[in-house]
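Accompanying notes for the structure given below.
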Amino acid sequence: MVIQARLPWVGLAVFLLAGSQLAFSGAALAAGPFDGTYVGTQHETVNNNSSYCSNINRDSIRRVVKDGIITTEWSKATLQATIEADGSFATSAEGMQFGRAGSNPNPITFRGTIHDGQLEADVGGAHCAAHWSLRKN
């Protein structure tokens, strides 16, 4: 009889523990405040008139922020930046070499901010660069 009296309490404890685990896992999977799809324009700010730099201007580009990270490709470099709590982000990488082998490195920067669903960013290097003006969908 004592065992039966304890079983409902044990069952309740297991239920509460399982529920707390579900709540925790749901919170861990929740989207960050900047996560989402951003759509807008890309306009050139630097152009050295090479074939690589042609057609930089775009009326409709789409970028995704997932788990607080934004990623883009530029000059054959993958740029991945973590969005800080204030909405700012910045990163850099070495891009594709221009000219003969052994030429100077081509550093590419990617930096910007997200505020009230508006993403403003600059991406590129000394040869080609652009400014983004995107709105969260």
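Data overview
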quantity	calculated
Karplus-derived HN-Hα couplings along segment 35-45 (A = 6.51, B = -1.76, C = 1.60, θ = phi - 60°), whole Hz, x at Gly and Pro	5, x, 9, 10, 10, x, 10, 10, 10, 5, 10
Under 10 Å, Cβ to Cβ, from Asn106 - net charge with Lys/Arg +1 and Asp/Glu -1	0
Cut-off under 5 Å, modelled amide H: who pairs with Trp74 long-range	Leu79
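Read-outs: derived from the displayed coordinates by stated rules, not from any lab. Since we're looking at a predicted model, the values are computed, not measured. All Cβ positions, even for glycine, are placed from backbone atoms using ideal geometry, and neighbour counts span all protein chains on display.
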